[in-house]
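Read the figures in this text as sums done on the coordinates, not as results from a lab. Bear in mind the structure is a predicted one, so any value in this text is a computation, not a measurement. Note: ideal-geometry Cβ built from the backbone for every residue, glycine included; neighbour counts use all protein chains shown.
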Ligand code: FAD
Ligand code: NAD
């Protein structure tokens with residue numbers, strides 16, 4: 001017997017579960033199908049949250065060595081990796097249960113199983129507990145997320161050659177971890193294992209790390225990571241990885257061609273990006289159009305098939321949890337006849353290393369390429385009292401404002417707690433603020449956020465503390 005709903009969401013990640021909750025709030029009868037056995041998607045189970053749990057714990061471990069400088073004497077510090085992993089796993093499972101609670105609270109039906117499109121307005125679910133169930137609804141949302149991209153000829157075994165998923169659950173600290181890809185995952189998880197004692201070599205195809213970030217920030221970030229012990233092989237490609245005894249032989253060569261070299265390692269993390277995940281959804285049979293794996297949608301998240309929509313990592317745009325969530329909300333509101341909308345110009349990006357890197361809006365490179373005249377104001381954390389107190393005085397805040405109108409076009413930060421501070425910049429940009437608006441807003445003293453105010457003052461060459 002088919003069960004009827006107003007909306008069926010496929011995928012219980014940040015895109016899907018938030019869309020389901022918002023639609024239920026707006027009065028729809030909603031089912032959310034998830035096959036992994038837990039809600040929260042990549043983000044909660046093998047992404048944002050477990051990586052941040054390990055980043056937090058490994059930062060505590062690394063900082064414990066500096067405590068004496070603050071007058072805190074401790075005994076010999078040692079690592080209990082199973083306990084660190086247990087803290088991560090406990091946090092993840094508690095949060096996943098929290099989403100189940102939210103589903104109950106909002107009367108969203110949670111269907112545990114793998115969904116497939118089987119006809120207009122119809123989904124068949126292979127239930128995790130066995131058997132199948134047919135769900136029908138006039139609106140079906142695909143929110144099936146993404147999976148790690150792989151390198152041709154290199155098999156990820158999640159033991160020695162790992163994706164981010166394996167790198168979140170290594171049984172021991174490798175002596176040498178080769179990280180393929182100097183992007184967000186490589187640098188976050190490289191930082192985790194580096195802090196716990198591994199030698200980290202990042203092999204990046206391009207001549208710079210974190211493509212997409214402001215180059216000024218990227219260069220500073222690389223310098224700071226190098227000081228922390230991370231090694232970089234830029235403009236370099238991995239041509240193969242061979243298992244040899246207990247270890248690996250990683251063959252690399254210059255991206256432009258040339259002599260190859262072998263790196264001996266105990267583990268390799270492949271972090272060269274992610275690809276949309278649509279396996280076994282029956283997209284071809286349903287006639288849903290894709291472009292290089294991404295489901296093609298219009299600005300209202302409609303696919304080419306009537307009644308089928310898509311959001312999150314499976315469609316175009318940055319693969320970020322908050323982007324997926326906001327699309328989930330916008331789509332639910334559109335389906336309810338409201339004016340759902342996502343402002344893609346103001347989606348913050350954060351790299352949760354120490355220091356953190358965060359930005360929103362345009363980079364200097366983008367503004368130059370677009371021919372936009374801009375003014376830049378920069379303020380170093382070394383001149384911020386709160387950063388000095390906490391020993392985190394590396395990095396800076398940079399505000400980019402339109403030369404003619406002073407409207408803020410981009411804000412870029414590298415420094416302590418930048419991920420939290422970028423929220424203020426995003427809010428300012430969402431309201432169309434000028435740099436003067438930020439500069440004239442009273443910021444509490446002593447806080448890190450005064451650096452944003454000072455960077456805004458610097459746009460007009462009038463910093464007060466530098
Ligand atoms: P997903 O979270 O991938 O969820 C999709 C869900 O659909 C999955 O649970 C999957 O099992 C399910 N599914 C797939 N097919 C079916 C089917 N046929 N039937 C039923 N269920 C199905 N982003 C950030 O913003 N901040 C971060 O700090 C951050 N850290 C990250 C760290 C790592 C290591 C990784 C890998 C990613 C990180 N991301 C981060 C990215 C973030 O996880 C994704 O952008 C986000 O999860 C995308 O949400 P989504 O709902 O589109 O898809
Ligand atoms: P990424 O796109 O951030 O970085 C991949 C890097 O690998 C790039 O620098 C690219 O030039 C390089 N690369 C590609 N092919 C290569 C090759 N053959 N050899 C060497 N280098 C190569 O991708 P990622 O780090 O895998 O992360 C995937 C996605 O997950 C990102 O889009 C990101 O949005 C999301 N994520 C976000 C966060 C966060 O928000 N803090 C954390 C983790 C992941």
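Values for this structure:
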{"item": "Where the Cα pairs of segment 256-369 fall when distances are cut into 10 Å bins, in %", "result": "11, 30, 29, 20, 8, 2, 0"}
{"item": "Label-point separation in nm, residue 261 to residue 206, each point 7 Å along Cα→Cβ", "result": "2.2"}
{"item": "For the chain: rounded, prolate or oblate by the Cα gyration tensor [a/c cutoff 1.5]", "result": "oblate"}
{"item": "The chain: relative contact order in percent, alpha carbon pairs under 8 Å with at least 6 residues between", "result": "14"}
{"item": "Cα gyration tensor shape for segment 422-463, rounded if a/c is under 1.5, else prolate or oblate", "result": "oblate"}
{"item": "Per-pair calculated FRET efficiency, R0 = 45 Å: residue 4 and residue 63 via Cβ, rounded to 0.05", "result": "0.25"}
{"item": "Estimated [θ] at 222 nm from DSSP helical runs (n ≥ 4, -39500 (n - 2.57)) normalised by residues in the chain, nearest 500", "result": "-9500 deg cm²/dmol"}
{"item": "Overall Cα dimensions of segment 161-272, principal axis frame, Å, largest first", "result": "41, 33, 23"}
{"item": "Cα-only Debye scattering, segment 99-236: base-10 log of I(q)/I(0) at q = 0.21 Å⁻¹", "result": "-1.20"}
{"item": "Estimated distance in nm for a label pair at residue 437 and residue 128, the labels positioned 7 Å out from Cα along Cα-to-Cβ", "result": "4.5"}
{"item": "Likely footprinting exposure, 272, 18, fewest C-beta neighbours within 10 Å first", "result": "272, 18"}
{"item": "Cα centroid of segment 355-432 to Cα centroid of segment 46-118, whole Å", "result": "29"}
{"item": "Relative contact order [Cα under 8 Å, 6+ residues apart], segment 161-272, whole percent", "result": "34"}
{"item": "Cα convex hull of segment 134-194, projected area averaged across orientations, nm²", "result": "6.9"}
{"item": "Mean Cα-pair separation over length for segment 324-466, i.e. relative contact order, pairs under 8 Å, 6 or more apart, %", "result": "25"}
{"item": "Longest to shortest principal axis, alpha-carbon extents of segment 349-459, angstrom", "result": "39, 28, 21"}
{"item": "Inter-label distance, nm, simple model (7 Å from Cα along the C-beta direction), residue 83/residue 338", "result": "4.6"}
{"item": "Per-residue Cβ neighbour rank within 10 angstrom, fewest leading, 154, 414, 311", "result": "154, 414, 311"}
{"item": "Sequence of 193, 359 once ranked by neighbouring C-beta atoms within 10 Å, starting from the fewest", "result": "193, 359"}
{"item": "Modelled FRET efficiency - R0 45 Å, residue 169 with residue 300, Cβ distances, 0.05 increments", "result": "0.70"}
